[in-house]
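Comments concern the structure below.
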Amino acid sequence: MTDDRRSHRRPSLSALARTRCLASYLVGAALALAPALSVAQQAAVYDGVDGLACDYVNLGAGQRWRHRQGDWLDAQGEEQGSAPFAQLTIKSTNQVQAVEWPVTSVLAAPQPNATSKAQLLLRIVPGGAAGTVEFQSRESQSTNARPMLVLTYSDGTHNDVAPVADAVLDCSTYRGLGQLDKFGVGADRNSVIVFEVPSAGTRKLTRATLRLTTTDHQYGDAAVGVYALDLGSATASAATPPRGLAASYPGDSGIEADRDVYMATGFDTLNWRSAWSYIRNTGTFDIVASDPARKFEALSGNALRVNLAKGDNFGLDFHYAFADKVGSEPEEVYFRYYLRFGDDWRPDLDGGKLPGISGTYNRAGWGLRQSDGTNGWSMRGSFARWTERANPLYGLTAIGTYAYHADMKDYNGEPWNWDGGGRSLLARNRWYCIEQYAKVNTPGRSDGVLRAWIDGVLVYERTNIRMRTIPTLKIEMVWMNVYHGGTEPSPRDQHLYIDNVVIAKRYIGPMARPDTQASKTRVAN
C-alpha cells in the first residue's frame, strides 16, 4: 500500500469556498437537517421469510426485538410482564379444536404502536400448563380454520377480521416462519398475530374475540395467554440532537480551526486531497456540485460522489492516519460525515462497507484477517442488502457496523445492526448526518466503546468491546471506505454522496442552521 504523505497542517476552507458553501447550504438546510422520520420508524410487522423472527421484528431490515422471542406489555402495563389480558388452557386431545379468547381489553389498552391495529403476542402463561399447541395460520388450506378477530358493536352488528400477519418466533432458526400453514405456542416459542382494525364509525365496540383453530397435534396441555405486542423498539419519536461542537459553526464554516478538530473538509477547495494520508485512485469517485440525473441536491457546495461500478467491489478507499497527520495516535475519536444515497442506489444483491474507524496496521481487521487483540481491529460502517420486495421496508438501506475485534469467533467480521427506532434505515435522495465514536479498551478489560448517531440521535451503543490486548494498538485511522460485498461485485452502477467530513476529539453533532446575516459576517471576517 502506497502512502501519499502530506503536510500535518489542517486544510482550511477559502473565503470564496465558504461563501459558495453557505449559499448552497441555505437552500437545502431545512431538508438536510430535518429529523429522519419515515416509514422506517413506524411499526413494520411483516411475516415473510425476512420479517418476524426469533431475534427480529423485521429480519430483512435488521430491526431487532429488545428481547428474544418478542416484546410485549401485560395486562398491568408491565414490559415483559406475566399477567395476560386473557388466557385459556388448551387440552391435549390431538383433535382439531376451535378456541377463543376475549381480547376487548387488549384493544382498549393504550399501546405504543399504531392504534388502527390489534397486535397480539401469544405465549405460555408463567405457572400454567407448559405444553405446546399448534394453530392453523392465515395460510391454512382450510379457510374456516384460519385466525379471526370477531368485533361486536353496540348496534348488534359484527365484523370478522382476518389477520394481516402471523408467525411463530422459534429460536431454532434465525429465519422468519410466517409463511407456514401453522404457528405454535410453547415453552420454547411465542407467536405474533396482527389484525387491521377497521373504523367503528359511530358505533361503539363492545366485544372483541380472538378465534383460533388448533391442528390435530398437541403436545401436552398448554395455558396460552394473550399479551399486547410492544413495538416500542421499532418506533421512535422526534428528538432534539444534543449540542455538539458543530453548533458553534453554522454550515461548518470555520470548524476546521477549532482546537478540538483534527480535520474537516467539505470537498470545496482545490487541495481537498491534502486532508487525507492515503487515497486509492480507483476512478470510482469524483467531486460534483450537481447530478440531476440521480436526483442529487447539494448539502453545501461540492460533494464527493462515489460509484459502486457494475462488476466491481471498490468504491472508495481513503485514510486519515493520525500518526501521519498529528504525530500520535489517540485512544478515542469522533468522526462525522454526511451521507446521501443516489436515486440509482439499489443494493438488492449484497451489502457492503461504509466509512468507519480502525486500527488495522495493515496486519489484521479486514478481509478475513482475524483480529486476536495483538494484530489489529476495525469498526467500519456497513450497509445491508435491501429486503425482499414484499417487505414494507423494501427500498430502505439498513446501516450499521462491520466489526473485527479481539473476541470475534470467526474469520469474517461481525455485523452489528444499528437501530434507534428505525432511524438507521436510510431512504434514497436524502442527506443524513452519520457520526461514530470509538474508544479502545484498557488492555486486560472489556471496556472499549462504540457509539453511533444519525442526525444527532443515538442509534447504537456498545461499551464492552475488546479491540486489543496490548497498549500499542490504538486508533490508527479514520477509514473512508465504500465497498460492495463480501466478494459479490456490484450488479449495476450505483452512487452515493459524502460531504462535510469532520474528525474531532469531542462530540461533533449535526451542522447548525446558518443564520443568514451571521453567516455573511463570518465569511466577511
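The residues listed here are Asp160, Asp166, Asp155; of these, the one that is in a loop (DSSP other than H, G, I, E, B) and either in the same structural domain as Gln63 (by TED's automatic domain parsing) or surrounded by fewer than 18 Cβ atoms within 10 Å (Cβ to Cβ) (or both) is Asp155. Arg451 falls short on exactly one of the conditions (1) under 14 Å from the mean Cα position of the chain (by Cα); (2) within 25 Å of Gln494 (Cα to Cα), and that condition is (2).
For Ser328, the criteria (1) in contact with a strand residue (DSSP E or B) (Cβ under 8 Å, 6 or more places away or on another chain); (2) surrounded by fewer than 20 Cβ atoms within 10 Å (Cβ to Cβ) hold in every case but one, which is (1).
Within segment 135-151, residues that are more than 17 Å from Glu196 (Cβ to Cβ) reach partners that are in a strand (DSSP E or B) and among the charged types (D, E, K, R) with beta carbons closer than 6 Å, at six or more positions or on different chains, in the pairs Gln136/Lys182. Report whether or not Val478 is at pLDDT 95 or above, under 24 Å from Ala303 (Cβ atoms) and touching a Leu at 6+ places or on another chain (Cβ under 8 Å). Taking the combined requirement at face value, the residue does not satisfy it. Assessment of segment 445-462 against the conditions (among the hydroxyl-bearing types (Ser, Thr, Tyr), at pLDDT 95 or above, surrounded by fewer than 23 Cβ atoms within 10 Å (Cβ to Cβ) and under 14 Å from Glu332 (Cβ atoms)) yields no matching residue. Please verify whether Pro355 is of a type outside the set (Asp, Glu), in a loop (DSSP other than H, G, I, E, B) and either crowded, with 17+ Cβ neighbours inside 10 Å or within 21 Å of the chain's Cα centre (by Cα) (or both), treating the condition exactly as stated. Against the criterion (of a type outside the set (Asp, Glu), in a loop (DSSP other than H, G, I, E, B) and either crowded, with 17+ Cβ neighbours inside 10 Å or within 21 Å of the chain's Cα centre (by Cα) (or both)), Pro355 does not qualify. Specify the residue that is surrounded by the fewest Cβ atoms within 10 Å (Cβ to Cβ); the eligible residues are those in segment 397-439 that are hydroxyl-bearing (Ser, Thr, Tyr) and assigned to a loop (DSSP other than H, G, I, E, B). Once the filter is applied, the top-ranked residue is Tyr411. Cβ-Cβ contacts under 6 Å between residues 6 or more apart (or on different chains), taken from a first residue in segment 450-462 that is under 20 Å from Ser378 (Cβ atoms) to a second residue that is in a loop (DSSP other than H, G, I, E, B) and small (Gly, Ala, Ser), are listed as Val459/Gly420; Val459/Ser424.
Per-residue answers, yes or no, for (1) at pLDDT 95 or above; (2) within 31 Å of the chain's Cα centre (by Cα); (3) among the aliphatic types (A, V, I, L, M); (4) within 25 Å of Gly232 (Cβ to Cβ):
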| position | (1), (2), (3), (4) |
| --- | --- |
| Pro110 | no, yes, no, yes |
| Lys117 | no, yes, no, yes |
| Gly128 | yes, no, no, no |
| Arg175 | no, yes, no, yes |
| Arg189 | yes, yes, no, yes |
| Gly201 | no, no, no, no |
| Thr209 | yes, no, no, no |
| Asp216 | no, no, no, no |
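The values are calculated or read from the model by the stated rules, or taken from the named source; none is laboratory data. Remember, it's a predicted structure, so these values are computed and weren't measured experimentally. Ideal geometry is used to build each Cβ from the backbone, glycine not excepted, and the neighbour counts take in all protein chains shown.
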